[in-house]
Each structure stands twice: as structure tokens, then as C-alpha cells.
1. Does Val23 meet the test of being out of contact with any Lys or Arg (no Cβ under 9 Å at 6 or more places or on another chain), of a type outside the set (Phe, Trp, Tyr) and surrounded by 12 or more Cβ atoms within 10 Å (Cβ to Cβ)?
2. Any residue at all in the stretch 37-47 that's within 19 Å of the chain's Cα centre (by Cα), under 22 Å from Leu72 (Cα atoms), surrounded by 11 or more Cβ atoms within 10 Å (Cβ to Cβ) and not small (Gly, Ala, Ser)?
3. Being among the hydrophobic types (A, V, I, L, M, F, W, C), assigned by TED's automatic domain parsing to the domain that holds Gln32 and modelled with pLDDT under 90 narrows it down to one residue among Leu91, Leu43; which is it?
4. Within the stretch 80-88, does at least one residue satisfy the condition of being in a helix (DSSP H, G or I) and modelled with pLDDT under 90?
5. Please report, ordered by residue number, the helices (runs of 4 or more DSSP H) entirely within the stretch 96-149 with at least 1 residues that are modelled with pLDDT of 85 or more and either acidic (Asp, Glu) or under 44 Å from the mean Cα position of the chain (by Cα) (or both).
6. With the condition kept exactly as written, say whether any residue in the stretch 19-27 is in contact (Cβ under 8 Å) with a residue 12 or more places away in the chain and in the same structural domain as Ile96 (by TED's automatic domain parsing).
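The values are calculated or read from the model by the stated rules, or taken from the named source; none is laboratory data. Keep in mind it's a predicted model, so treat the numbers as computed, not measured. Cβ atoms come from the backbone with ideal geometry, glycine included; neighbour counts cover every protein chain shown.
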Amino acid sequence: MKRYSHKPEDLAKLFGQSPLAGVQQQHQQVAQLNAELCHILQLSKLSFCQVATIKQGRAIILCSSAAWATRLKMQRDAILDNFRRKILPDLAGIDIEVSPNGQSAHYSVQETPTKPYVAVMSDESREKLQHAALQTHGPVQQALQRLLK
């Protein structure tokens, strides 16, 4: 009989090395960068521009218009300095791009209400259920009558 030669590994260690952990960490960093950008621009909410992602050590900021891109390019050094000082010391730079569709299209989730399921019953099935409902009593009869409605 073979013996199991591997020792159990700590789950935190296994999950810490997974690709999901990297994505989660990047998401948290982007959220922090967006909060800091909001603070730098003295806005209550980022609706015209936001940090979209971090690629190859560079933060990518998407703007909804060329005017916002120009404003951010003029403040690029101050923004980069704040990002490095408060969140990511090894941030290589910032890329500012104009998004043709605007950010709201990229990052909003629109839920459509689901339609209730309506079953279609054949005439033959309806007749059989009516016949069964007439022959039974109590809760079974009530359940069959609800099905017929």
C-alpha cells in the first residue's frame, strides 16, 4: 500500500498564489487610486475620468472627453507623485487616454428585470388535472386547482 507523501498545505498560501488573488489585489489598488484621484481633483464623484487598470506598472486613466484628458495631462506629475507617495511607490507612470464611449459604458452593470415564467399547459393535460382534482380531497385537490389557474 502506497503512503501519501505530500503534507497538507495551508489554504491561505494556496489562495495567495492563485490568479484570483492577483486580480483581487489589482482591483483594490485601482479602487484606491480612484479614491485618491477623486481627492486630488477635489470632486465628490469621478464621473468624467477614472483609473481603469494597471498594466506593466503604469496606471491607465480613461477620460470621457479631450478636455478632461488635457486637464489631467497638465496635472500628471502631481497625480503621479501622490499615487507613488500614498498607494504604489513602484508606479512607473500614468497613461491618460480618451475613451470613445466614455467610462460609464465600460464599468456600469445594467440589470434587466426578469420576466416571470409562464407555463403553457395543453388542453389534454388540463382535462386530466381537472379530472384528478374532482376525484381527490384536501390539500392535494387545492394544489391541483392552483395548477389549473
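1. Values: out of contact with any Lys or Arg (no Cβ under 9 Å at 6 or more places or on another chain): yes; of a type outside the set (Phe, Trp, Tyr): yes; surrounded by 12 or more Cβ atoms within 10 Å (Cβ to Cβ): no.
No.
2. Scanning the stretch 37-47, I find at least one residue that is within 19 Å of the chain's Cα centre (by Cα), under 22 Å from Leu72 (Cα atoms), surrounded by 11 or more Cβ atoms within 10 Å (Cβ to Cβ) and not small (Gly, Ala, Ser), so the answer is yes.
3. Leu43
4. no
5. Once the helices (runs of 4 or more DSSP H) in the stretch 96-149 are filtered for at least 1 residues that are modelled with pLDDT of 85 or more and either acidic (Asp, Glu) or under 44 Å from the mean Cα position of the chain (by Cα) (or both), what remains is 123-135, 139-148.
6. Within the stretch 19-27, one or more residues are in contact (Cβ under 8 Å) with a residue 12 or more places away in the chain and in the same structural domain as Ile96 (by TED's automatic domain parsing).
Table: residues versus (1) modelled with pLDDT under 90; (2) β-branched (Val, Ile, Thr); (3) assigned to a helix (DSSP H, G or I).
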site: His6; (1), (2), (3): yes, no, no
site: Lys13; (1), (2), (3): yes, no, yes
site: Val30; (1), (2), (3): no, yes, yes
site: Glu36; (1), (2), (3): no, no, yes
